[in-house]
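Trainee: Below you will find the structure I want to go over with you.
The values are calculated or read from the model by the stated rules, or taken from the named source; none is laboratory data. A quick note: this is a predicted structure, and the numbers were derived from the prediction, not measured. Ideal geometry is used to build each Cβ from the backbone, glycine not excepted, and the neighbour counts take in all protein chains shown.
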Amino acid sequence: MKKFGVKHIVATGIGAALFFVLGRFVAIPSGVPDTNISIQYGLLAFIAAVFGPIAGLLSGLIGHFFIDFSFGWGVWWSWVIASAFVGCVIGFLTVKINIEEGEFGINGIIRFNIAQVIAHLVGWGALAPVLDIVIYAEPANKVFIQGLVSAGINIITTAVVGTLLCVAYSAAIPKKGSLKEEE
Amino acid sequence: MTNLFNYIDRPSPIHRLTGATKFVCLMLWSFAAMSTYDTRMLLGLTIISMILFLIGRIHIKDVSFMLGFTLVFLVINSIAIYLFSPLHGTKIYGSCTYLLEYTGRFAPTAEQLFYHFNYVLKYLATIPIVLLFVTTTNPSEFAASLNKIGVKYSIAYAVALALRYIPDIQRQYHEISQAGQARGIEMSKKATLISRLKSASGILIPLILSSMDRIEVISNAMELRGFGKKKKRTWYMGRPFKAADISAMLGCVLLVCLSLYLNHINGGRYYNPFI
């Protein structure tokens, strides 16, 4: 599974398409005016956990690029890169979980959530703000507060949506050794 | 598709450039505009980008919606910067010229105003180019041309696949969400945050599981046709580079060089009129 084969290419493409559709058309009001919950990060975490870091990185990169591209507000490179980074890190940290073989118990859930918390904290709390400072020379306190708020929202979203997706997907796969020889 | 990505099919010299050229130019242009804070350079870029906009035969009314969106965003961002750091400009330019008698925390300074002017200019220098790229690039041709600028064709193919399946997934999502709402799934402000997330996952699960099937079917089909066996492939929408493509890219390379050169002679990224 760690080889990047045809299946991973397809998963990257479909993952990016899903990321795009969820990010572009699915708006769930968060309570704060004009802020929507981005459930696409739950999906990205799922794709990364199942198909690995490269698929996670590219799905985030392509999906986010197309969202910016279709809104036409300019491609926000600092945030596109952060999306790709989050996908990649979650992919790396969840290599040990074999969701695609139907294994996703309590251990898997804990591991998955630790991975996503680390990825979001570093990605939105550090990487995106630093890129904003480097590229646009924005004031540090503004971008760090923005970054930490979005990290918080994304962590909650991924914890709920991503975990549920992984559980549902692993339950739909027949477990190894679930067939017994008739006696 | 065309609606989704705002592509406008209209003959113009910019439309005739290949997608790869436009993408490379967009990257180089963004890099040139991002790396510098030199007011003269940014003004120049803004003027050239507006001229290019005219050459591309894109009218303001074609992009008025996107433009409005961006401008609102820009205004909100500027206000946020001012609220969080009203003396950011004085730190950057190293001097402090108060414009009014009042000298409190939110006192307007010439440096801060100049910083905001540059900040806005930085966006104005890139927004027309991005809009131009978005409106003149056929998405399918863009995916095909990525391969030509050195992106591995498996990745270019993933981009093409994403474009191919976005309308399908969009339709499917719509169907599932309507079926869910008919059965009483609440996603509006009436439900609590966590239950909204849960119901969103309720819609997502069928969507994802059917997408996983889709991945299986497509990858089997591709494998049966021998995808990935050779080092190269051809593209239906691909076009060869012409002289105009090469000169456009060279022009953008020159812009990047100019921007880096200005950073060098300014001794930093900022053009400082306050010295």
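Trainee: Given the conditions (1) touching a Lys or Arg at 6+ places or on another chain (Cβ under 6 Å); (2) modelled with pLDDT under 80, report the number of the one that B:PHE69 does not fulfil.
Mentor: Checking B:PHE69 against (1) touching a Lys or Arg at 6+ places or on another chain (Cβ under 6 Å); (2) modelled with pLDDT under 80, the one that fails is (1).
Trainee: Starting from residues that are free of Cβ contacts under 8 Å to residues at least 24 places away in the same chain and surrounded by 15 or more Cβ atoms within 10 Å (Cβ to Cβ), keep the ones in region B:78-97 and report whichever is nearest to B:LYS122 (Cα to Cα).
Mentor: Restricting to residues being free of Cβ contacts under 8 Å to residues at least 24 places away in the same chain and surrounded by 15 or more Cβ atoms within 10 Å (Cβ to Cβ), the top hit is B:ALA80.
Trainee: Continuing with this model, one more query. Go through the residues of region B:140-159 one by one and say whether even a single one is surrounded by fewer than 22 Cβ atoms within 10 Å (Cβ to Cβ), of a type in the set (S, T, N, Q) and facing another protein chain (nearest Cβ under 10 Å).
Mentor: Within region B:140-159 (the criterion being surrounded by fewer than 22 Cβ atoms within 10 Å (Cβ to Cβ), of a type in the set (S, T, N, Q) and facing another protein chain (nearest Cβ under 10 Å)), the answer is yes, since at least one residue qualifies.
Trainee: Here's a check for you: in region B:235-248, which residue that is touching a Ser or Thr at 6+ places or on another chain (Cβ under 7 Å) and assigned to a loop (DSSP other than H, G, I, E, B) is farthest from the other protein chains (Cβ to nearest Cβ)?
Mentor: Checked region B:235-248; the qualifying residue farthest from the other protein chains (Cβ to nearest Cβ) is B:PHE241.
Trainee: Restricting attention to region B:145-168, which residues are under 17 Å from B:CYS25 (Cβ atoms) and within 18 Å of the chain's Cα centre (by Cα)?
Mentor: B:SER145, B:LEU146
Trainee: Scan region B:19-49 for residues that are under 21 Å from B:ALA160 (Cβ atoms), modelled with pLDDT of 85 or more and not hydrophobic (A, V, I, L, M, F, W, C) and jot them down.
Mentor: Of everything in region B:19-49, those that are under 21 Å from B:ALA160 (Cβ atoms), modelled with pLDDT of 85 or more and not hydrophobic (A, V, I, L, M, F, W, C) turn out to be B:THR21, B:LYS22.
Trainee: Still on this structure, please answer the following. Is it fair to say B:ALA110 is within 30 Å of B:MET249 (Cα to Cα) and either at pLDDT 80 or above or outside the structural domain of B:SER64 (by TED's automatic domain parsing) (or both)?
Mentor: Here the answer is no, as B:ALA110 does not meet what is asked.
Residue-by-condition table, conditions (1) free of Cβ contacts under 8 Å to residues at least 24 places away in the same chain; (2) basic (Lys, Arg); (3) surrounded by 24 or more Cβ atoms within 10 Å (Cβ to Cβ):
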{"position": "A:LEU43", "(1), (2), (3)": "no, no, yes"}
{"position": "A:PHE65", "(1), (2), (3)": "yes, no, no"}
{"position": "A:TRP77", "(1), (2), (3)": "no, no, no"}
{"position": "A:ALA82", "(1), (2), (3)": "no, no, yes"}
{"position": "A:ILE97", "(1), (2), (3)": "no, no, no"}
{"position": "A:GLY105", "(1), (2), (3)": "yes, no, no"}
{"position": "A:ILE109", "(1), (2), (3)": "no, no, no"}
{"position": "A:ALA140", "(1), (2), (3)": "yes, no, no"}
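Trainee: Right, here's the next one. Test of understanding: among B:MET237, B:MET249, which residue is surrounded by 14 or more Cβ atoms within 10 Å (Cβ to Cβ), modelled with pLDDT under 80 and within 25 Å of the chain's Cα centre (by Cα)?
Mentor: None of the other options fit; the residue is B:MET237.
Trainee: Do you know which residues across region B:204-234 are in a loop (DSSP other than H, G, I, E, B) and either surrounded by 17 or more Cβ atoms within 10 Å (Cβ to Cβ) or facing chain A (nearest Cβ under 9 Å) (or both)? Break it down into steps so the answer makes sense when it comes.
Mentor: Applying the first criterion (in a loop (DSSP other than H, G, I, E, B)) to region B:204-234 yields B:225-234.
Of everything in region B:204-234, those that are in a loop (DSSP other than H, G, I, E, B) and either surrounded by 17 or more Cβ atoms within 10 Å (Cβ to Cβ) or facing chain A (nearest Cβ under 9 Å) (or both) turn out to be B:PHE227, B:GLY228.
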